[in-house]
Each structure stands twice: as C-alpha cells, then as structure tokens.
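Peer 1: Dropping the structure in here first, questions after.
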Protein chains: 2
Amino acid sequence: MVRPKVVIARHLREEVMRLFDRPDLDVVAWPSETEACDRNWLLNNIAGATGVLVMLTDKVNAELLDAAGPTLCVVSTMSVGYEHVDVQLLARRNVKLGYTPDVLTDAVADISVMLALMAGRNVRSTTNIVQNGDWPNYPWSPFGFCGPQLSTNWIHSTRTMGFIGFGRIAQATLKRLVPFGFTHCLYASNPSSLPNPTRDAEVAQKYGLREVRRVALDELARESDVVFVLAPGGPELYHIVNEQFLKQMKKTAVLVNTARGTLVDSEALAKALREGWLWGAGVDVVEGEPKVAADHPLVKEPRCVVLPHIGSATTETRLGMATTAAKNLIAGVLNEPMPVELKMTQ
Amino acid sequence: MVRPKVVIARHLREEVMRLFDRPDLDVVAWPSETEACDRNWLLNNIAGATGVLVMLTDKVNAELLDAAGPTLCVVSTMSVGYEHVDVQLLARRNVKLGYTPDVLTDAVADISVMLALMAGRNVRSTTNIVQNGDWPNYPWSPFGFCGPQLSTNWIHSTRTMGFIGFGRIAQATLKRLVPFGFTHCLYASNPSSLPNPTRDAEVAQKYGLREVRRVALDELARESDVVFVLAPGGPELYHIVNEQFLKQMKKTAVLVNTARGTLVDSEALAKALREGWLWGAGVDVVEGEPKVAADHPLVKEPRCVVLPHIGSATTETRLGMATTAAKNLIAGVLNEPMPVELKMTQ
C-alpha cells in the first residue's frame, strides 16, 4: 500500500510534530519554526502530496495546487483567517480546507481588555519615562499621569462598552468587563444581518447589564467609553473607523483594535489622538503590517499603544491552533471528518 | 468672630478649591499643583492655623506642629498612606488626622489586572520592538512572542490567583479575574490575625470559585499562576518577596506589585527574571522610588514592566481623594464629624 504524502510547511513544537509519527503517513516537513517555508522548497516537495499544512505566510493559489497535482485533497491552515487561501479555487478542485478558529477567542479577549486599560492609563508614556531613567524628574503630584478610569467610580456610576462586530471574541471581552462595573453594551454589526433582540436581552440578563443593544455607528461612537473593533476584515469594512467616527467619540474614551488593521484609518486615528478627539488607543494590528516603521503615524503618537499582532500569541493558544491544524490534516488525508473544516460554496 | 485659618499645601483642581470658597474660613493656599509646597513657605504660613491639608510629600512632624502652635486641631492628608505623618505625636497633641482610603480601590485593582496581563504577554519587549521600528524584522512565526495565557484554556482548565494581603484592593482584583476563568484563590495574611473560613467560603460562593483559602507563603508561591502583592508596607513585611519566595514560583507565573516597593527585594526579582524562575513581573512601585535610574536592576529586565506609581492615577480617583481631603479638613476645623478620620491610639 502506498502511504499518502503530507507536507508540513513549518516546524511546529515537538508535542505537535509527534502527531505525525505514524506508519500510515509519508511526512515531509520544513525544518524551521521561525523561518517561513521557502516557496521553491514547498513547490518542489508538494508534488504528489495528498495534504499540506500551511501558515498564513504561505499563499495557497493555483501555482501551489498545480505543483501538488491531482492527488491533493486537503489543505490545513494554522490560522483563523484564510485571506492567503484561494477558497474558490479549492472548492472548484474539490480540495477541503481546515482552519483553526475559536481556540484563540480567550487569548484575544485577554489582550483586548489589557489594551483598553493601557490606553486609558497612559502606559506608553509612563513606561518610557521609567525606561529612560526620567522617573526622578517626575515627583508625585496630585494629578500627575492621570487618565480616565475604566471601572465605574464615584463620578461615573455607569460605563458603556461599544463593539464593532459582536461575535465570540466581543462577547468574551464583554464578559471580562462586567466586574469593572460596566452597565451598558452597544454594538454595531453587519447591516444585512437581522437584529436579534431576544439574544441581546439574554446576554444582558446573564451578565447583569442594563442594556445590550445594536445601534448605528454614530450612536456607538457617541456613547461608548471604550470602543472595541472586533469585526472581520474585507473590503466592505475598510476604514470603518475613520475621521467621521473618531470625531464623535468622547474625549475621555479609548479605542482598541485587535481585529484587522484595515478596519481603522491610521492617519485619521493619529490625527484624532493628536487633537484630543479621544483619550487614547491600543492597537494590536496596523494596516500594512509588519511594514510599520518607527515614523509610522500611530507609532509616533504617545497616546497610542502599538503591539506587533500578538493577540493569539500565548503558548497554549498557538499549541491549540497547531494541534487542530495537525488533526485537520490527518483526518482530511485519511478521509475522516475533519475537526474544523471550512464549508465552502463555489 | 475670628475665622479659623486653614493652610492648603497644594493647589488642587478648581472643582476642589471651590469647596474652600466660604465666609467662615481664612484660607491660605500654595499656588502650584505640580510643584511640591516649599517647606519654609509652609512653616511660615501655618502659624496660628487650625487645620492643614497636606500631600504625602509634606512631612508632618514636631517641626511642623511647633510652627503651627496650639491652635492646630486637624491635619488632612490626601493619601491612603500616612508614613509621612508622625501619628503618635498627633495623638499626644490631640490633633485629628483625616486621610483618603477606599476611593482608590478600583483604580488600583484595574492596574493590577493590567500588569498581570502585560507581564505574561511580553508587552515590554513587543512594544519596544514596534517603537524602535523593528516590527518588519520579526515576521510572523507560530510561537513568536508567545507567553503564558492568563485565562483558562484547552490545556489549563484551572487557574490560581495568589494574594499577599487580602484586603479591599485584593478582593476587587479577585472579582475582576473571575471571568478570565480563575478557579482558585489563595492568600497569605498577617499571621497575628485569626483565619476566617466562613468569610472565605462566602467569597468563594459569591464568585463561583472552587476554593478561597489562607495558606503559608510557600504554598502561595508554589501554586499560584499570578501573585499579587497587596499588603501594607512597614518593617515587618520588608522584602517579604525574596529569593526564597521567588525560587518556589511556577516558571510560567507572573508577579504583580501595586502596593509598596519595600515588599519586594528588587535585586532578587531581577535575578529571578534573568534566570527564569518565573515568567515576568509588573511593578507600579519600587523600593527607593522615585530615585529609579535607567540602570536599576528591574528597569534593565526585559520581562519586567515598571510603572511610576500610577496605581491611583485616574482623574476620577484623584478628584475623589482631593475632595475627601478637603471635606475632612473643613469638617475637622468646624468641629463636625470628619468623613474619614484615622482612629489613633497613643
């Protein structure tokens, strides 16, 4: 019997690679974890393969599928997004696609809360002061380093969180904000989807919120103390956070983007921070990343915390994504049901 | 009638200074918000005063009380700590002391959660990479920038928080961690206080935790995924977090100190981080602050986030502290009950 060949386009941790130690597979693996798979290596090695495991750094297009040939029946990507995959082409050629959503929900919700706190509490400027040895030059003063408080307090007995996009990560973030005293939740979602007031009332009751309500973007911008951008990418939402949105925000509010860089107009956000339309921002994603230089408008802005897309970067979550990707590949190749398959329409 | 004289040792925001616009008081105020009150100015102006409002930058000792003379009957400090006040002397001279605890609880709990997240997620090194324009040199890789996940996940279905000191701020922090999936809470407190298993069971039930239990420091160090130092200062707890404690911590755990710098041995913590005894640390307070130079052992440590004591630095909280201090002063001078008076024993 000929064993099906699988190609792994990145070395994963030993505990994951061990899943491929099985007599019924012929495994070819790129040897490096930190260096992306060389394209020519991949094109050469994929010939005759039944399955391939890729990262979001590997383009899955006609070139790759042609190099593989007609044996290829499954692509497994270790990512929640699949912008690097020509999904239509896979559907036409009857190649299944496995991916790894869900497992990163909690890691991204954690960092969303972290960025909301950091953006309000002037963490970028204060940590720089300490790192530069300038702390001795900033003696204590009653309102030194002060920013707006995320949690409810003696002045503000209500707090409103706003979400652009209201999927799993948004709701995991919502849950974490409840004990900070948040009382209201507003969200904007895809205009073509139907409102779901029953679900909203259930969420409100479950977490003891006074209100969970779908609103237009203008109201979301005006009323929220913190706005989380947690929508999918794509051309229809390009720069959904723009000058018009930012101008309507509260001066004490903060903006957090842990979704896709293209959702926020970087120039507009930098201008808004410079001119004080809102208090601060925390972004884990930037349009054009990783080509983000030190003089990028957001990197220059002291009220903006910029992280290099580490939302899902916890050891546990990335191991979970790698494990799911491995299991998707093996199941697909052996013609068993894949743990998480993307259902494609042609 | 002679109006009682009060001295305000710092200019506070207008909304607070307005509280002193009253015909029954003779008010003398230091004009600056950001510059500490000059000692000679204070000594000269306090003569004959009935009350004085001070910051933690103003020493309240025999020199100051002698300069005030026998008219002085109330000192109001805008602070939760009173290390700058000779409490025994005030008691002997029958001078009342007002202070401002409680109002800062939520602000400090907010920043405690923030530092726990930052310490785990490598925020110091990743933000520096972006600020230095190095993001393009760190292309995505499956385990790049990974740290331990604060929230529960597919590998860890339990999470344990540990508190050194279990007062109001610790419990406000506990509450915030519950939706991150924390299941267990351990705490160490003053050995001379009695255990309170009934209260512990109530806290566990209220927040759906499997366990809230007072333990010895060794067990706290060994079992906690995150340790929060939230004890009072003072000589008996000096360097309670030392090499012995740090050596017992989990390699994936993080340490957060938002209480007093003297509670943690900075050299020991820097060594522990350098040698990987624990994952990371976040400190808002450092022994010897604000004299903390760029080459301080903790400031040099890439896995240590150091903030310049901004735990209570939200506009709302500092306004709350200033307002309470003003009301304490006015009530004390007019011989009315002070909103928050420290009960002193001689």
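Peer 1: Please report, largest first and rounded to whole Å, the three semi-axes of the ellipsoid equivalent to the range A:235-329, where each semi-axis is the square root of five times an eigenvalue of the C-alpha gyration tensor. It would help to have the intermediate numbers written out before the result.
Peer 2: On the way: eigenvalues 171, 39, 32 Å².
Ellipsoid half-lengths, sorted descending, are 29, 14, 13 Å.
Peer 1: Treat the count of other C-beta atoms within 10 Å as a stand-in for reagent exposure and order B:Lys291, B:Lys175 from fewest to most. Before the final figure, lay out each step's value.
Peer 2: On the way: B:Lys291 10, B:Lys175 18.
Ordered by Cβ neighbours within 10 Å, fewest first: B:Lys291, B:Lys175.
Peer 1: At A:Arg92, label 7 Å along Cα→Cβ: distances to the other copies, nm, ascending?
Peer 2: Distances to the matching label points in the other copies: 9.4 nm.
Peer 1: Percent relative contact order of chain B, based on C-alpha pairs within less than 8 angstrom and at least six residues apart? Write down the numbers at each step before the final one.
Peer 2: Details: 667 pairs, mean separation 65.0, N = 346.
For chain B, the relative contact order is 19 percent.
Peer 1: Can you list, shortest first in nanometers, how far A:Gly288 lies from the same residue in the other copies, with each label 7 Å from Cα toward Cβ?
Peer 2: Ordered by distance, the counterparts are at 4.3 nm.
Peer 1: Moving to a separate point now. Over the whole of B:128-138, what's the average partner chain Cβ count within 10 Å per residue? Rounded to a whole number, please. Mind showing how you got there, number by number?
Peer 2: Working: counts 3, 4, 15, 7, 3, 6, 5, 13, 6, 1, 4.
That average works out to 6.
Peer 1: Determine the dipole magnitude for chain B: charges of +1 sit on the beta-carbon of Lys and Arg, -1 on that of Asp and Glu, nothing else is charged, the reference point is the Cα centre, and the result goes in debye to the nearest 20.
Peer 2: Values: 35 positive and 37 negative charges, 136 e Å.
So the magnitude is around 660 debye.
Peer 1: Here is a follow-up. Need the list of lysines near A:Lys271 for cross-linking: C-alpha distance under 21 angstrom, and skip anything on the same chain fewer than eight residues off.
Peer 2: A:Lys247, A:Lys250, A:Lys251, A:Lys291, A:Lys300
Peer 1: Would you tell me the mean number of C-beta atoms belonging to other protein chains that fall within 10 Å of each C-beta in B:6-13, as a whole number?
Peer 2: Numbers: counts 0, 0, 0, 0, 2, 2, 2, 2.
The mean count of partner-chain Cβ atoms within 10 Å per residue comes to 1.
Peer 1: Per 10 Å bin from zero, what fraction in whole % of the C-alpha pairs of chain B is there, up to the bin with the longest pair?
Peer 2: Each 10 Å bin holds this share of Cα pairs: 5, 23, 27, 22, 15, 6, 1, 0.
Peer 1: Let me know the mean shielding of A:116-123 by other chains, meaning the per-residue number of their Cβ atoms within 10 Å of its Cβ.
Peer 2: On the way: counts 2, 7, 7, 0, 4, 9, 4, 9.
Counting other chains' Cβ atoms within 10 Å and averaging over A:116-123 gives 5.
Peer 1: Mind putting a number on the dipole of the range A:105-306 about its Cα centre? Charges go on the C-beta only, +1 for Lys and Arg and -1 for Asp and Glu, and I need it in Debye to the nearest 20. List each step's numbers first, then the result.
Peer 2: On the way: 21 positive and 20 negative charges, 93 e Å.
Computed charge dipole of the range A:105-306: roughly 440 debye.
Peer 1: I want to verify the translational diffusion coefficient of the protein assembly as shown in µm²/s; compute it with Stokes-Einstein, Rh as the Kirkwood radius over Cα pairs, at 37 °C and 0.692 mPa s. Walk me through the numbers on the way to the answer.
Peer 2: Values: Rh = 27.4 Å.
Rounded, D is 120 µm²/s.
Peer 1: I've got another one for you. If the cut-off is a Cα-Cα distance under 30 Å, which lysines reach A:Lys5, setting aside same-chain residues fewer than 8 apart in sequence?
Peer 2: Output for A:Lys5: A:Lys59, A:Lys96, A:Lys327, A:Lys343.
Peer 1: Please state the shape class of the range B:134-289: rounded when a/c is under 1.5, otherwise prolate if a/b exceeds b/c and oblate if not, all from the C-alpha gyration tensor.
Peer 2: Values: a/c = 2.06, a/b = 1.22, b/c = 1.69.
Oblate is the answer for the range B:134-289, as a/c is 1.5 or above yet b/c matches or exceeds a/b.
Peer 1: Fewest first, what order do A:Asp295, A:Asp265, A:Asp218 take by the number of other Cβ atoms within 10 Å? Walk me through the intermediate numbers first.
Peer 2: Numbers: A:Asp295 8, A:Asp265 20, A:Asp218 12.
Ascending number of Cβ neighbours within 10 Å: A:Asp295, A:Asp218, A:Asp265.
Peer 1: Distances in nm, one decimal, shortest first, from B:Glu236 to the same residue in every other copy, taking the label point 7 angstrom along Cα→Cβ.
Peer 2: Relative to the other copies, B:Glu236 has label-point distances of 6.6 nm.
Peer 1: Among residues other than A:Glu287 whose Cβ falls under 14 Å from its Cβ, what is the net charge (Lys/Arg +1, Asp/Glu -1)? Working shown, then result.
Peer 2: Numbers: positive: A:Arg260, A:Lys291; negative: A:Glu83, A:Asp265, A:Glu267, A:Asp284, A:Glu289.
Around A:Glu287, the charge tally is -3.
Peer 1: Further, regarding this structure: Please identify, among B:Asp21, B:Asp106, B:Asp225, the residue showing maximal mean-square fluctuation in a Gaussian network model of chain B using a 10 angstrom Cα cutoff.
Peer 2: Of B:Asp21, B:Asp106, B:Asp225, the Gaussian network model singles out B:Asp21 as fluctuating most.
Peer 1: Further, regarding this structure: Per DSSP H run of at least 4 residues, take -39500 (n - 2.57); add these up for chain A, divide by its residues and hand me the 222 nm value, nearest 500 deg cm²/dmol.
Peer 2: Numbers: 13 runs with 114 residues, N = 346.
Computed ellipticity for chain A at 222 nm equals -9000 deg cm²/dmol.
Peer 1: For a footprinting-style exposure proxy, rank A:Thr258, A:Thr158, A:Thr317 by other Cβ within 10 Å, fewest first. Please report the intermediate quantities before stating the final value.
Peer 2: Values: A:Thr258 28, A:Thr158 12, A:Thr317 25.
So the ranking, lowest neighbour count to highest, is A:Thr158, A:Thr317, A:Thr258.
Peer 1: Based on alpha-carbon centroids, what's the gap between the range A:240-265 and the range B:1-58 in Å, whole number please?
Peer 2: Taking the Cα centre of the range B:1-58 as reference, the centre of the range A:240-265 is 43 Å away.
Laboratory data are not the source of any read-out in this text; all were calculated from the coordinates shown. If you're wondering where the values come from, they're calculated on a predicted model, not measured in any experiment. For neighbour counting, all protein chains shown are included, and Cβ atoms are generated from backbone atoms with ideal geometry for every residue, glycine included.
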